[in-house]
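J.: Here it is: the structure, laid out below.
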Amino acid sequence: MKVLVVGGGGREHALVWKLKLSPRVTKIYCAPGNAGIARDADCINISAGDIQGLLDFALKNKIDLTVVGPEVPLNAGIVDRFEEAGLKIFGPSRLAAEIEGSKVLSKEIMAKYGIPTASYAVFTDPAEATSYIKRIGAPCVVKADGLAAGKGVIVALDEESALEAVRSIMVDKDFGVSGERLVVEECLVGEEVSILAFTDGVSVVPMISSQDHKRAYDHDQGPNTGGMGAYAPAPVYTAEVHRRTMEEILIPMVRAMNDEGRTYRGVIYAGLMVDESGPKVLEFNARFGDPEAQPVLMLLETDLVDIIEAILDSRLEQIEIKWKDQAAVCVVLASGGYPGSYGKGKVIYGLEEPGEHVVVFHAGTAAQDDEIVTAGGRVLGVTATGPDIPSAIERAYAAVEKIHFDGMHYRHDVGRKALERIK
Ligand code: AMP
Ligand code: GLY
């Protein structure tokens, strides 16, 4: 079977890595891919947002299955376009992907179906948002409605930052049309956890739980990023939290999407905040998380192609999805300056021998002459498995020690919250 993976980050490298393990896959293409993916797949120079280009490629090369990594093509309707052309593709339709593409829609559906989440208000007018914030005060969370590459959410600890967020989103239009509407939310406290699930629109099969590390620096300091590391499973996601997440969040949400005429097939990602009162939804995403996909896919035992086919044939309930009884930890190595502006083209040293049980997934890398150089903010995701979280942490950081590039920075405390909980 010939497979096309759309995207070119760490998540897509993990998808390519996992698909390559399938005996059913004979050839993998990745668009656009990166220097690491190029060792596992044929990278083609088509951007993830160029749906017509991808469709032409898939038709011409008789691609049997396309797997979409990022949110942008999903929200632009890549799945609808491929299906209209008679091609098999894994991911939610445009209408279903809108649970990530519009925070307003996602909040409205949660409110309508009683899915636990932060209380909120929607604004189209900056003056009204401003007076509302002055009334409720800080802390609060201000979110641009549309896609903003992970940058459209501002957790405002004081009123001035909240008002500044409104200006940035609605007046300065820092996120373009994504900021035509915004959501102001109650600020939730607790510990975050990511639950990804496979669904064919009827059955919902959760993956192993994981936890992202959003802030740039150790001890959750510094600006928000796309994610500086992740581990799985997450001890905060207890059996009781799991039961409630399935009953109160994932199953009702998939049913709600059916009722709304937005049948959801693919991976649904629930970002949760957990406290004593239980789990509440911070956000839904329409895809695998990045970097959550890296540890989660390393622990997936079952052939991903079998799972995807079961979803496309609406028989997900008939297959058993198995997980390794292990833990995995991914440490992201980032460019100096990230998540702000950063340089590119720094030579990466020490990629040769990551060690046993370690995979170095590439995110922002490129090949230059005979060397591999940095080409993005998040550069590598060093991911290790082990019998438990402490050993996976040890293996991941031992592998990190071997790698170097000018300006490289990373978090030294990936997995710390898990260690505190299992202590
Ligand atoms: P999102 O892109 O919606 O996941 O938001 C990015 C990050 O902002 C989340 O991972 C949380 O750390 C934080 N966040 C979002 N919504 C809230 C909320 N209502 N309360 C507290 N933190 C939030
Ligand atoms: N790691 C967060 C996300 O993928 O949205």
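J.: If we scan region 57-66, do we find a residue that is surrounded by 15 or more Cβ atoms within 10 Å (Cβ to Cβ) and under 23 Å from Q294 (Cβ atoms)? Write out each step before concluding.
T.: Initially, region 57-66 is screened for residues surrounded by 15 or more Cβ atoms within 10 Å (Cβ to Cβ), giving 57-58, 63-66.
Checking which are under 23 Å from Q294 (Cβ atoms) leaves us with 65-66.
Yes, region 57-66 contains a residue that is surrounded by 15 or more Cβ atoms within 10 Å (Cβ to Cβ) and under 23 Å from Q294 (Cβ atoms).
J.: Please find, within region 186-211, the residue that is nearest to the chain's Cα centre (by Cα) out of those that are surrounded by fewer than 23 Cβ atoms within 10 Å (Cβ to Cβ), near ligand 1 (Cβ under 10 Å from one of its atoms) and on the phi < 0 side of the Ramachandran plot.
T.: By that ranking, first place goes to E192.
Okay, residues lined up against (1) more than 25 Å from S119 (Cα to Cα); (2) surrounded by 24 or more Cβ atoms within 10 Å (Cβ to Cβ); (3) within 12 Å of ligand 2 (Cβ to nearest atom):
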{"position": "G261", "(1), (2), (3)": "no, no, no"}
{"position": "E276", "(1), (2), (3)": "no, no, no"}
{"position": "V281", "(1), (2), (3)": "no, no, no"}
{"position": "F288", "(1), (2), (3)": "yes, yes, yes"}
{"position": "E292", "(1), (2), (3)": "yes, yes, yes"}
{"position": "T302", "(1), (2), (3)": "yes, no, no"}
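J.: So, in region 135-155, of the ones that are touching a Leu at 6+ places or on another chain (Cβ under 8 Å) and surrounded by fewer than 18 Cβ atoms within 10 Å (Cβ to Cβ), which residue ends up farthest from L74 (Cα to Cα)?
T.: So, considering only residues that are touching a Leu at 6+ places or on another chain (Cβ under 8 Å) and surrounded by fewer than 18 Cβ atoms within 10 Å (Cβ to Cβ), the one farthest from L74 (Cα to Cα) is A138.
J.: Does V3 satisfy the criteria of being within 17 Å of the chain's Cα centre (by Cα) and of a type in the set (V, I, T)?
T.: On the way: within 17 Å of the chain's Cα centre (by Cα): no; of a type in the set (V, I, T): yes.
No; evaluated as a whole, the condition is false for this residue.
J.: Does region 263-274 hold any residues that are more than 13 Å from ligand 2 (Cβ to nearest atom) and under 24 Å from V25 (Cβ atoms), and which are they? Break it down stepwise before answering.
T.: Of the residues in region 263-274, the ones more than 13 Å from ligand 2 (Cβ to nearest atom) are 263-266, 273-274.
Scanning region 263-274 gives R265, G266.
J.: Condition (residue is buried (at least 18 other Cβ atoms within 10 Å of the Cβ) and either in a strand (DSSP E or B) or of a type in the set (F, W, Y) (or both)) applied to region 110-118: is it met by at least one residue?
T.: Yes, region 110-118 contains a residue that is buried (at least 18 other Cβ atoms within 10 Å of the Cβ) and either in a strand (DSSP E or B) or of a type in the set (F, W, Y) (or both).
J.: Report, by residue number, each residue of region 145-163 that is out of contact with any strand residue (DSSP E or B) (no Cβ under 8 Å at 6 or more places or on another chain), not in a helix (DSSP H, G or I) and not small (G, A, S).
T.: Passing the criteria: L147, L157, D158.
J.: So which of V183, V189, V166, V142 is part of a loop (DSSP other than H, G, I, E, B) and away from ligand 2 (no atom under 16 Å from the Cβ)? Give the derivation first.
T.: On the way: V183 fails: part of a loop (DSSP other than H, G, I, E, B); V166 fails: part of a loop (DSSP other than H, G, I, E, B); V142 fails: part of a loop (DSSP other than H, G, I, E, B).
None of the other options fit; the residue is V189.
Let's see how each residue does on (1) touching a helix residue (DSSP H, G or I) at 6+ places or on another chain (Cβ under 9 Å); (2) more than 16 Å from ligand 2 (Cβ to nearest atom):
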| position | (1), (2) |
| --- | --- |
| D200 | yes, yes |
| M207 | yes, no |
| S210 | yes, no |
| R215 | no, no |
| M228 | no, no |
| Y231 | yes, no |
| A239 | no, yes |
| H242 | no, yes |
| M246 | no, yes |
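J.: Oh, and also: I'm trying to understand the selection: among the residues of region 119-139, which are of a type in the set (A, V, I, L, M, F, W, C) and in a helix (DSSP H, G or I)?
T.: Step one: of region 119-139, the residues of a type in the set (A, V, I, L, M, F, W, C) are 121-123, 127, 129, 133, 136, 138.
Residues satisfying the conditions are A127, A129, I133, I136.
J.: Condition first: under 15 Å from A293 (Cβ atoms), among the hydrophobic types (A, V, I, L, M, F, W, C) and in a loop (DSSP other than H, G, I, E, B). Can you find one or more residues in region 36-47 that meet it?
T.: Within region 36-47 (the criterion being under 15 Å from A293 (Cβ atoms), among the hydrophobic types (A, V, I, L, M, F, W, C) and in a loop (DSSP other than H, G, I, E, B)), the answer is no, since none of the residues qualifies.
J.: So, in region 192-230, exactly how many residues are of a type in the set (G, A, S) and assigned to a loop (DSSP other than H, G, I, E, B)?
T.: Start the filter on region 192-230 by keeping residues that are of a type in the set (G, A, S), which leaves 194, 197, 201, 203, 209-210, 216, 222, 226-227, 229-230.
Of the ones still in play, those that are also assigned to a loop (DSSP other than H, G, I, E, B) are 201, 203, 209, 226-227.
So the count comes out to 5.
Where a number appears in this text, it was derived from the coordinates with a stated rule and is not lab data. None of the values given here were measured: they were computed from a predicted structure. We place every Cβ from the backbone using ideal geometry, glycine too, and count neighbours over all the protein chains shown.
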